[in-house]
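Asks: Here it is: the structure, laid out below.
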Amino acid sequence: MLLLASALPLTAQAPRFSIAAGPAIPIAGIRSETHSNGFNVQAGVGVGNLDRPLSVRIDGFYSSFGGKAVPGDADREYSDEWFIGVTANGVYTLDAGSVRPYAIAGLGFYNEYPGLYNVGLNAGVGARLPVGRIRPFAEVRFHNFATLGGSEYRFGSPARTASLSLGISF
């Protein structure tokens with residue numbers, strides 16, 4: 001990521017900030033069985049030249065999922081679960097006229113419980129509208145990381161989630 005940022009010309013690398021929110025969906029791993037859909041909020045900063053397709057973006061986020069009762073699991077009700085994280089990503093943007101689609105991927109650090117940090121990967125696609133200084137965007141992102149999961153699950157079982165975020169960059 002640092003190599004990518006250093007390869008961009010310094011003259012047009014003004015940082016762009018972003019905020020977004022939307023639904024979060026458990027896809028696989030323990031969350032898909034024991035938790036329902038939730039929400040995601042994120043804030044980020046990106047650096048890149050608007051005339052070039054490559055840029056770097058760092059996002060911080062919070063995701064929360066509602067617990068649910070699992071039939072056949074002694075009618076156990078799982079509690080709500082959350083995690084916070086930081087991702088460092090490369091972004092490749094296509095110049096497609098009035099809509100600018102992009103692909104985003106990178107490394108993430110996830111905190112599921114206080115003091116328990118996990119490394120994972122994330123990737124997604126999105127599109128933004130270059131309308132003046134404030135630019136609306138929509139993106140879908142997939143996260144995959146190891147999780148502790150409690151005594152019922154072995155350490156390192158994967159957690160896979162998706163988020164659909166609607167936001168603005170400025």
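Asks: Might you let me know whether the stretch 94-102 holds any residue that is among the basic types (K, R), touching a residue at least 12 places away in the same chain (Cβ under 8 Å) and more than 19 Å from R141 (Cβ to Cβ)?
Replies: The answer is no, given that none of the residues of the stretch 94-102 is among the basic types (K, R), touching a residue at least 12 places away in the same chain (Cβ under 8 Å) and more than 19 Å from R141 (Cβ to Cβ).
Asks: Identify all residues within the stretch 129-142 that are in a strand (DSSP E or B) and modelled with pLDDT under 95; write none if there are none.
Replies: If the condition is that a residue be in a strand (DSSP E or B) and modelled with pLDDT under 95, then R135 is the only one that fits.
Each row is one residue, and each column tells you yes or no for (1) under 21 Å from G22 (Cα atoms); (2) open to solvent by 40 Å² or more (accessible area, probe 1.4 Å).
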site: G72; (1), (2): no, yes
site: Y78; (1), (2): no, no
site: E81; (1), (2): yes, no
site: D95; (1), (2): no, yes
site: Y102; (1), (2): yes, no
site: G108; (1), (2): yes, no
site: A123; (1), (2): yes, yes
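Asks: In addition: Could you tell me which residue of the stretch 8-41 is surrounded by the fewest Cβ atoms within 10 Å (Cβ to Cβ), considering only residues that are more than 16 Å from T87 (Cβ to Cβ), among the hydroxyl-bearing types (S, T, Y) and modelled with pLDDT of 75 or more?
Replies: S36
Asks: Does the stretch 150-163 include one or more residues that are on the phi < 0 side of the Ramachandran plot, modelled with pLDDT of 90 or more and over 13 Å from the mean Cα position of the chain (by Cα)?
Replies: Among the residues of the stretch 150-163, not one is on the phi < 0 side of the Ramachandran plot, modelled with pLDDT of 90 or more and over 13 Å from the mean Cα position of the chain (by Cα), which makes the answer no.
Asks: So, one more: Report, by residue number, each residue of the stretch 53-96 that is among the β-branched types (V, I, T) and closer than 18 Å to L121 by Cα.
Replies: If the condition is that a residue be among the β-branched types (V, I, T) and closer than 18 Å to L121 by Cα, then V56, I58, I84, V86, T87, V91 are the ones that fit.
Okay, residues lined up against (1) at negative phi; (2) in contact (Cβ under 8 Å) with a residue 40 or more places away in the chain; (3) surrounded by 14 or more Cβ atoms within 10 Å (Cβ to Cβ); (4) part of a loop (DSSP other than H, G, I, E, B):
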position	(1), (2), (3), (4)
D51	yes, no, no, yes
R57	yes, yes, yes, no
S63	yes, yes, yes, no
N89	yes, yes, yes, no
A105	yes, no, yes, no
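The values are calculated or read from the model by the stated rules, or taken from the named source; none is laboratory data. What you see is a predicted model; the values in this text were computed from it and never measured. A quick note on method: Cβ atoms are made from the backbone with ideal geometry, for glycine too, and the neighbour counts reach across all protein chains shown. The accessibility values were calculated without ligands, DNA or RNA, using every heavy atom of the protein model including side chains. Shrake-Rupley method; radii C 1.70, N 1.55, O 1.52, S 1.80 Å.
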